[in-house]
Amino acid sequence: MEEKITEVVPYEQIEGKIYLLRGKKVMLDRDLARLYGVDTKVLNQAVRRNIKRFPADFMFILSQSEIKNWMSQIVTSNKERMGVRKPPAAFTEQGVAMLSSVLNSDRAIFVNIQIIRTFTKLREMIQENDYLRRKLEILEKDYDEKFSIVFDAIRRLLDSEDEPTELIGFKN
């Protein structure tokens with residue numbers, strides 16, 4: 001079953017469709033629809049029919065400024081419209097999980113599993129990076145403390161250095 005899931009959609013393809021909006025990692029309705037192999041209209045109809053399953057922390061509609069920001073990040077030939085007639089819906093990880101209950105197809109199930117695994121993988125990478133960042137800060141602090149003694153000694157040597165009273169070297 002694992003092979004079948006990864007054959008449907010590779011992790012990298014999903015990672016490229018996860019955006020950071022309103023401080024949350026989200027996927028847009030149009031990208032999810034493509035991954036699930038349905039029209040965006042079909043996905044949004046399924047959501048509207050089951051709107052009680054999608055509270056504000058599961059799904060939200062992009063504002064005009066968020067749409068402009070999103071469009072500026074995407075390189076396309078038609079930046080004016082980009083095929084967007086209505087503001088896209090953004091689904092958080094929980095919203096994506098809920099989509100599996102409203103879209104009933106094998107592909108939707110397999111893609112959903114892959115998307116959830118990708119979100120989990122990204123969360124783990126962020127936690128690992130945070131751990132490494134904290135470790136690096138500790139090392140830098142330790143490094144600064146140890147080498148401040150060396151730098152202080154060098155400064156004292158430079159500050160206390162008197163001009164030589166007699167010239168050193170060859171005399172003419």
Do you know which of the residues in the range 25-62 that are acidic (Asp, Glu) and within 19 Å of the chain's Cα centre (by Cα) is nearest to Glu93 (Cα to Cα)? Asp57
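If you check Asn172, Asn129, which single one turns out to be polar (S, T, N, Q), over 30 Å from Val47 (Cβ atoms) and modelled with pLDDT under 75? Give the steps one after another, and end with the answer.
On the way: Asn129 fails: modelled with pLDDT under 75.
Of Asn172, Asn129, the one residue that is polar (S, T, N, Q), over 30 Å from Val47 (Cβ atoms) and modelled with pLDDT under 75 is Asn172.
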When the range 52-67 is examined, which residues are found to be surrounded by 12 or more Cβ atoms within 10 Å (Cβ to Cβ) and assigned to a loop (DSSP other than H, G, I, E, B)? Phe54, Pro55, Phe58, Leu62, Ser63
In the range 92-131, what count of residues is obtained for those that are of a type in the set (Lys, Arg) and either closer than 13 Å to Leu35 by Cα or in contact with a strand residue (DSSP E or B) (Cβ under 9 Å, 6 or more places away or on another chain) (or both)? 2
Given (1) at pLDDT below 80; (2) among the hydrophobic types (A, V, I, L, M, F, W, C); (3) part of a loop (DSSP other than H, G, I, E, B); (4) surrounded by 13 or more Cβ atoms within 10 Å (Cβ to Cβ), index of the condition Val38 fails: (1)
Answer yes or no: is there a residue in the range 50-58 that is under 21 Å from Phe110 (Cβ atoms), at pLDDT 90 or above and of a type outside the set (A, V, I, L, M, F, W, C). yes
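Could you please let me know if Met98 is over 17 Å from Lys17 (Cβ atoms), buried (at least 17 other Cβ atoms within 10 Å of the Cβ) and modelled with pLDDT of 85 or more? Give the steps one after another, and end with the answer.
Working: over 17 Å from Lys17 (Cβ atoms): yes; buried (at least 17 other Cβ atoms within 10 Å of the Cβ): yes; modelled with pLDDT of 85 or more: yes.
So Met98 passes the test.
The values are calculated or read from the model by the stated rules, or taken from the named source; none is laboratory data. Quantities reported herein were computed from a predicted structural model and do not represent experimental measurements. Please note: Cβ atoms are built from the backbone with ideal geometry, for glycine as well, and neighbour counts cover all protein chains shown.
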